[in-house]
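The values are calculated or read from the model by the stated rules, or taken from the named source; none is laboratory data. From a predicted model like this one, the values you see are computed outputs, not experimental measurements. Every residue, glycine among them, receives a Cβ derived from its backbone with ideal geometry; neighbour counts consider all protein chains shown.
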Amino acid sequence: MVMRISRRTFLKAGAAAAAAVTLVPALAARTYAANDSVNLGIIGVAGMGQGNREWFKRIGGNKIVALCDIEQARLDGALKDHPGAKTWFDYRKMLEEQKEIDAVMVSTPDHHHYPASMMAMQLGKGVDTEKPLTHSVWEARQLALGAAKYKVATQMDNEGHATEGLRRCVEWVQSGAIGAVKEAHIWTDRPIWPQGIPKRPPSKPVPPGVDWDQWIGPAPYRDYHDNLHAFSWRGWWDFGTGALGDMGCHFWDSAVWALKLGHAESVEAEQQGNSDETGPLWSTVVYEFPARGDLPPVKVTWWDGRKGRKDGGETKYDVPNLPPRPPELEADRNLPPNGSMFVGEKGTIVVEDTARPFIVPEAKMKAFKEPEPFLPRVKDHKIEWLEAVRGGKPASSNFADYSGHLAECVLLGNLAIRTGEKIQWDGANLKAKNCPKADRYIRRAYRKGWECPVV
């Protein structure tokens, strides 16, 4: 496995910032014989949870024994696909009481990722958690520390990490195909859900069959209202992490890996429409990373959303917020709507989505001789995790060695968006050195009764 920063240094730094309390004792993980199936629990059965369930059904060889969701209709639908599974509204009870569960997939809204994942790890269960892994940088550090301590199989479900294309991109950059990289850009066409909302909508009755208190979980309580459940929670700060959090762990992946990014020194944001309630209509976030060994300092800029333009008497927000076109890109080609770009001293690599890298211009790409592969290849992101659950080597996007730090890098940008200040960042101690008001976003308070376990 390729380490991005020293795991020893990363975990020691995190330990200095973490409270030394364990609320649930870790249990020994099950020992597997060859070809044993894994008993899986799915926390959040619709949306990404449905995709995960369908994936496990296709590959076979494993058994979904537990289904957890806050909506009865969704549980009923999932149970038709997995007859015999036990159903739950509260994953805390599921994890404590259903002893046969070996591992869980966490596909809830972002604010539940940390408590569900940490509790499962402390009970000795493997965990695969959807991106962005956690709701805050403190939670991401805690999951990395927890995975190292409890020694269970973990994986963030940024599935592009396992692809051939992403690994080829890393190999191109690290082999010097475009020379030293001092500038990189990452962008997305999200948000595709409502953001830039200054005021909370009026309360509405909770739909039948929905356990609303359980959905709120560790977040501050609020009544049910429009543009929230079941998809648009992504834009509301109490529950989601905006466009940066939602897509960043996909599109930052190649940059963190290829450039061996450690902690940023600073981050600042330009945006429009951010409020205490929701993320902005668009944002441009600039991170400055110091030199890493023989690698030079690098500026990484994140771009999301759509800017406004005047159309008669109204403003339409339909202009994609994209980085400058590389001068090498042919006039008849456009940047993809989602992707990243590495600007080197000898050339530029553009990556479409997470896994389709190409050098510009096309003539240079055709003449390019790829380096011999030097990164390990894996069959599939989830198969890699299941093999780790069975006692194999750690998955390549495991919390302790990689994805905890990846999530920290991404979520750091939300501190600049939410505070409106340039953050001077002390990554080792998770402190905004110049901005005390960032503390409430680095580590947020949990609702009474939902106090979350720590390492």
- prompt: Is it true that some residue in the stretch 360-382 is within 23 Å of the chain's Cα centre (by Cα) and surrounded by 24 or more Cβ atoms within 10 Å (Cβ to Cβ)?
  reply: no
message: Restricting to the stretch 305-336, name every residue that is within 25 Å of the chain's Cα centre (by Cα) and closer than 25 Å to I359 by Cβ.
response: P320, N321, L322, P323, L335, P336
- request: Using the structure shown, decide if K431 is farther than 21 Å from N274 by Cα, charged (D, E, K, R) and touching a helix residue (DSSP H, G or I) at 6+ places or on another chain (Cβ under 8 Å).
  value: yes
task: Tell me which residues, restricted to the stretch 239-268, are in contact with a Lys or Arg (Cβ under 7 Å, 6 or more places away or on another chain), closer than 20 Å to G47 by Cα and not small (G, A, S).
output: D246, M247, C249, H250
- request: Output the number of residues of the stretch 68-116 satisfying the condition of being in a loop (DSSP other than H, G, I, E, B), in contact (Cβ under 8 Å) with a residue 24 or more places away in the chain and not acidic (D, E).
  value: 8
- prompt: Residue check: is A395 modelled with pLDDT of 95 or more, in contact with an Asp or Glu (Cβ under 6 Å, 6 or more places away or on another chain) and over 22 Å from E270 (Cβ atoms)?
  reply: yes
- prompt: Are there any helices (runs of 4 or more DSSP H) wholly within the stretch 374-455 with 1 or more residues that are among the hydroxyl-bearing types (S, T, Y), and if so which?
  reply: 404-419, 439-442
message: Considering only residues that are assigned to a loop (DSSP other than H, G, I, E, B) and of a type outside the set (V, I, T), which ones fall in the stretch 117-134?
response: L123, G124, K125, E130, K131, P132, L133
field: Criterion: modelled with pLDDT under 90, under 23 Å from the mean Cα position of the chain (by Cα) and surrounded by 12 or more Cβ atoms within 10 Å (Cβ to Cβ) - qualifying residue of R30, R92, R53
entry: R53
query: Going through the stretch 163-218 one residue at a time, which ones are surrounded by 18 or more Cβ atoms within 10 Å (Cβ to Cβ), under 30 Å from T87 (Cβ atoms) and small (G, A, S)?
result: G217
- prompt: Based on what the data block shows, is V410 crowded, with 20+ Cβ neighbours inside 10 Å and either within 24 Å of Y441 (Cβ to Cβ) or not charged (D, E, K, R) (or both)?
  reply: yes
Index of the failed condition, I186 passing every other in (1) touching a strand residue (DSSP E or B) at 6+ places or on another chain (Cβ under 6 Å); (2) within 25 Å of D69 (Cα to Cα); (3) not polar (S, T, N, Q): (2)
- prompt: Looking at the stretch 119-146, which of the residues that are under 21 Å from D246 (Cβ atoms) and among the aliphatic types (A, V, I, L, M) is surrounded by the fewest Cβ atoms within 10 Å (Cβ to Cβ)?
  reply: V137
- prompt: Just checking, how many residues over the stretch 192-209 are under 30 Å from N321 (Cβ atoms) and of a type in the set (K, R)?
  reply: 2
- prompt: When only residues in the stretch 207-235 that are under 18 Å from G47 (Cα atoms) and of a type in the set (A, V, I, L, M, F, W, C) count, which is modelled with the lowest pLDDT?
  reply: A230
field: Single unsatisfied condition, G305 versus (1) over 27 Å from G279 (Cα atoms); (2) touching a helix residue (DSSP H, G or I) at 6+ places or on another chain (Cβ under 8 Å)
entry: (1)
